[in-house]
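The block underneath contains the structure these notes are about, expressed in structure tokens.
Here, each number is a calculation from the coordinates, and none is a lab measurement. Here the structure is a predicted model, which means the values were calculated and not measured. FYI the Cβ positions are ideal-geometry reconstructions off the backbone, even for glycines, and counts take in every protein chain you see.
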Amino acid sequence: MMKGLKKWRLFSLLAVITVFLSACSGEDYISTLKPAGEVGQDQFDLLIFSISIMTLVVVVVSFLYLYAFAKFRRSKLGEKHMPKQVEGSHTLEIIWAVIPIVLLLILSVPTILSTYKFADVKAMDEVDEEGNKTALTVNVTAKLYWWEFEYPEQGIVTAQELVVPTGERVYFNLKAADVKHSFWIPAVGGKMDNNVENVNKFWLEFGKESEGLKDGVFYGKCAELCGPSHALMDFKVKTVERAEFDAWVASMQATEGQTASVDSTDLGEATFAQSCLGCHAVSGVGSTGAMGPNLATFADRNRVAGILEHNKENLESWIANPEEYKPGNLMTGKYSELSPEEISAVADYIMSLSVEK
Amino acid sequence: MSSVAVSKKKGFGAVLWDYLTTVDHKKLGVMYLFAGVLFFAIAGFEALLMRIQLMVPNNDFISAGLFNELLTMHGTTMLFLAATPLLFGFMNAIVPLQIGARDVAFPFLNSLGFWLFFLGAIFMHLSFFMGGAPDAGWTSYASLSLYSPGHGIDFYVLGLQISGAGTLISGINFIVTIITMRAPGMTFMRMPLFTWTTLISSSLILFAFPPLTVGLFFMLVDRMFGANFFDHTMGGNTIIWEHLFWIFGHPEVYILVLPAFGLFSEIIPVFARKRLFGYSSMVFATILIGFLGFMVWAHHMFTVGMGPTANAIFAIATMAIAVPTGMKVFNWILTIWGGSIKVTVPMLYALGFIPSFVAGGVTGVMMATAPLDYQLHDSYFIVAHFHYVIVGGIVTAIFGSMHYYWPIMFNRTLSEKLGVLTFWVFFIGFHLTFFLQHFLGLMGMPRRVFTFQADQGWDLFNYISSIGAIMMAVGVVLLVINVLLSIKTPPVNRRDYWGDGRSLEWSIQLPVPFYNFKQTPLVRGFDPCWLEKQEGNKEMMTYAEPLGDIHMPNNSILPLIMSIGLFIAAFGALYHPDGVSWSVPVIVIGLGITVLAMITRSVKDDHGFHVHVEEVIATEERLYGKGGNK
Amino acid sequence: MEETKFTPQTWPNHAEQATAEGKNKFVGIWIFICSDIVLFASVFATYLSLRNKGPAGMEFTTQSLFELPLAFVMTMLLLTSSLTSVYAMYHMKNYNIKGVITWMAITVLLGLGFLGLEIYEFYHYVHIGFGYTQSAFSSAFFTLVGTHGLHVIIGLVWITCLIVRNAKRGLNLYNAPKFYAASIYWHFIDVVWVFIFTVVYLMGVLG
């Protein structure tokens, strides 16, 4: 659909805009102006297309306006000047009604096509000969203030860091567990809301591996005001080749049954089992519905609590007082106070949870 | 009751009583104006605090919870308690003068509308001192607003319910006034554009506020009386709130922007010394915008999951609004084309308005493009867009009209020099603040964030944006200084202050007497003041009747009492969920006061009073010296 | 204001619009009703989307709850009261204050009868466990029908005030618009009830 637009780009006007946009187009792991995927690219093309039309409008209006303003000043015409009292002009009025209508009709074609394209989730239900789903589906549950990603076909679940294969359409079921949130990966494609009463479905295509990015991940955001820590409800997206993704899934599945024991000789594990395991699973196998983020891949992630730099000190501070970093979170006060040694040991334990290393 | 003498010295108590009981549209206009300025200043200050917080990444100037309260109160206050009353101020003060009426159709309701608005606004602001302000955004989406602890949302719901009732009453009043109270000869197609836009925007109020009332009522009973409209575990549905809110919320934008268009349509012809170009198409465009305004609410909900068909329909419907809006812009430009432009402060605002509003309009079309909106929605792009529309369209209209109508409202003038300075500081600050926010949104910054992490590419633009906000604040302070200085300026005491006045209000000798017109004017054509001047009529007015007794409405304290009753009842409802024993009695007492006042109003005859010819002549002489208004 | 004494001959044809104030009231009440229509439309829409919605295992539905005979009687009462208020307006045209007062009083009585049945109905529902907070459906039902009931109460108080105030002093151009506005409002309430009867009760029981 966007092929037809290619020739539009020949216009020099567009070139100017593109140069201007690239001058302040943000970081490639978060900016919608550096699209990395089919949806984002289509939306970017639509942005450029609509901006060009709109720039045309602004230029015409500004020209007329500035010309009139410069030419018909009373200081030039003299105090006594009496302009001709014109009632109006039907011809002109028809012209400036018809031209916008034509422009809008042009804009509405890609609008309608893309609207249906982005909403097309029929492939979610398609199965191969063996009855397996052909497309990857991820169930996203937004909770105050973190994200849970369940891969129902694979039987695994993770949190805060979405891992997806590149080059294929990935389908999402979106739901909120408490209040409304909105799932947004700016660089990859436009958002959709996580409602409390229904499941929203949409798809994204991840066009490039996140390996080379600054943190090795794309940034994801919550785009719907959801409480005090709305601004801190970030998640990360790691995009990898299909083979690597399959390997990741396998190693996730291999954590089946992994748990922490109260009787462990390791202080960290024992404390974790005592204070944390009720909410945080350490096995990547499971389904959605946990009280707290799954920690099976914690060491592979690059942020503590979605926002803090990924190191042990930050993890310790977080465990000691989550409220300070994410006001209104549901972890605060859910566990008895831990001594500094226990916190340090728990942090060590959590930092050891990995499926990639 | 005898006539109110204008120049008679009165004690403070008498003046206060006069304002508490007044039904005079001019005084209510002034009261709306000052109440509006007060809440505008409060909401502006809230914005300033937010911008300071966002000046640098990871700032801790303001806490997360307080930031959400500020953003909620900023939006709610600006729309309901600042822009609406400021525009109502001009509507009240000017529309009856433009159509040649001595007052509005229901002066009593006019006063009731003001007091309901004002006490509702006060009620909402008490939340800051009584346990925290509402914190779920001005849209107050149901899942979050039901989840929100404390009484903040309750203040929002009850305060808006009361002030919304006031707005609805005022809207009905303006509609009836414009339909029935026009002077002889003032046909619909001779009405000034500001009167037209007031009529259309009041009609929008008429149809848009009831859904809000209903939505707020659902929220009220859900939060305070255990109902389940939005509780999905009990079968409720939060999307209902979103629909009801936006069925109100989108027309609300036009409720505000149409009168702003009207004001500019008054200002531009006067200072271009040229008839408004394409009057009938302007009227048509106004009606069309009002009509389409009700067809597009769901474009605020493209990401909610309504399905592609609904999204596509609402996208196209939304784009359609650009056509009548574009017609208006071209008509304004063609009005100054071939005119004789005098750059006064009101004209400066009008000239600044056109490009700013066009910029806000075209980004609106971009957001109407549903698939693109998936990226733009709830990002800083939308923040930039609606501030371009609201500040670029509505606030410039209000500031410009303050300069423009100050002589009529106060018989004093605002300083042009200081006005020019104010304009430039404010205007540059405005673009500095919001232009870059488009790019922040495109770079992935969500809206309503109390802070942001460094190194996401947003630091510089946020910093610049905050500088702009400070400039805007300076601009507003300058405007307030200008207002204060105007007290010292000499009275205008003449007709047609700007020299090129066109519509009827400029025919009136200032100061405007309390009965507006000693004789009802006869309107002989479009732009009656201009018409009479062209024909060399020094009085600038032809009369439809001989000098005679004038019938005027009585003042009344009942509107204030009714509003206070609801104000009291609201406290009862607010504390009801806390299980306090006095909540139901307080509700009953409050509502009882209101109902009793209403019954009193119903059974006590109120025929108004007559100003006799001699009194009219005496008043004219007192105002304008010997010979009266000649 | 000095009151002009009228006779049936001098009494104007449209007394409710004979003065500027009367005309304002006449236009005003219609405009108000426009906005009230939108109010009811919003509540109706909500009711339709929450009808029979509730927590899992909710026992009450429209079919198990509503009984048409009662609703039918209520409808008849209210429809008749609309008719009687037309009679009152007819007598106002003929400058017959007695007729106005009598028929308005009958209107009030019929309205009270309706209100009594509605209160009984609500009481009955709450008694069998279908309370306001029981489900989204119950909240929507009580809100829709209750909003109408509230309008009825306001109408009754309003008309009663008019009767009490004006029974002794007769008709004039000051109170004629008041009677007229009240009767328009009463018709409106009646029309809304017809919709409630159809949407809530008929559609509830049948489909």
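What the table below lists for this structure:
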quantity	calculated
Rounded to 5, the percent of DSSP beta bridges in the stretch A:136-351 classed as antiparallel	70 percent
Cα centroid separation, the stretch B:226-272 to the stretch C:161-177 (Å)	40 Å
Whole-angstrom Cα spans of chain B along principal axes, big to small	72, 63, 46
Cα-based convex hull, the protein assembly as shown, per residue volume (Å³, whole number)	190 Å³
Net charge, A:T115 excluded, C-beta distance under 14 Å - Lys, Arg +1, Asp, Glu -1	-2
Relative contact order of the stretch A:155-265, defined on C-alpha pairs under 8 angstrom at six or more residues apart (%)	31 percent
Taking B:T167, B:T309, B:T396 and counting other C-beta atoms within 10 Å, the order from fewest to most	B:T309, B:T167, B:T396
Out-of-range pairs (alpha-carbon distance over 19 Å; input A:K76/B:K417; A:K143/A:K334; C:K5/C:K93)	A:K76/B:K417
Order of B:I599, B:I200, B:I333 - criterion: other Cβ atoms within 10 Å of each residue's Cβ, fewest first	B:I599, B:I333, B:I200
Kirkwood hydrodynamic radius over Cα pairs of the stretch B:397-550, then Stokes diffusion coefficient at 10 °C and 1.306 mPa s, in µm²/s	83 µm²/s
Average other protein chain Cβ within 10 Å of Cβ, residues B:333-346	6
Helix B:193-224 vs. chain B, principal-axis angle (Cα, 0 to 90°, nearest 10)	40 degrees
Per-bin percent of Cα-Cα distances, the stretch A:136-351 [5 Å]	1, 7, 15, 20, 21, 17, 11, 6, 2, 0
The stretch A:252-286-the stretch C:66-87 distance, computed between alpha-carbon centres (Å)	69 Å
MRE, 222 nm, helices only [DSSP H, n ≥ 4, -39500 (n - 2.57), over the protein assembly as shown, to nearest 500]	-19000 deg cm²/dmol
Cut-off under 5 Å, modelled amide H: who pairs with A:S182 long-range	A:N194, A:A223, A:E224
Per-peptide average of other Cβ atoms within 10 Å, ordering B:205-217, C:55-67 highest first	B:205-217, C:55-67
Chain C, relative contact order [Cα under 8 Å, separation at least 6], %	37 percent
Helix axis angle, A:90-118 relative to chain A longest principal axis, alpha carbon, degrees	20 degrees
A:V163 long-range amide H proximity, modeled H, under 5 Å	A:K238
Value of relative contact order over chain B, rounded to a whole percent, pairs C-alpha under 8 Å and six or more apart	17 percent
Stokes-Einstein translational diffusion, the stretch A:86-137 - Kirkwood Rh over all Cα pairs, 1.002 mPa s, 20 °C, in µm²/s	142 µm²/s
Test item: A:311-320 mean partner chain Cβ contacts at 10 Å	0
Relative packing of peptides A:237-246, B:354-363, C:116-125, A:109-118 - highest average C-beta neighbours within 10 Å first	B:354-363, A:109-118, A:237-246, C:116-125
Crossing angle, helix A:340-351 versus chain A [Cα axis fit, 0-90 degrees, rounded to tens]	70 degrees
Order of B:W582, B:W196, A:W318 - criterion: other Cβ atoms within 10 Å of each residue's Cβ, fewest first	B:W582, A:W318, B:W196
Overall Cα dimensions of chain C - principal axes, largest extent first, Å	68, 27, 25
Set A:K80/B:K488; A:K34/B:K328; B:K274/B:K328; A:K84/B:K26 screened for pairs whose C-alpha atoms are more than 27 Å apart	A:K80/B:K488; A:K34/B:K328; A:K84/B:K26
Shielding by partners - mean other protein chain Cβ count within 10 Å, residues of B:274-283	5
Between the stretch C:88-136 and the stretch A:109-182, the Cα center-to-center distance that results, in Å	55 Å
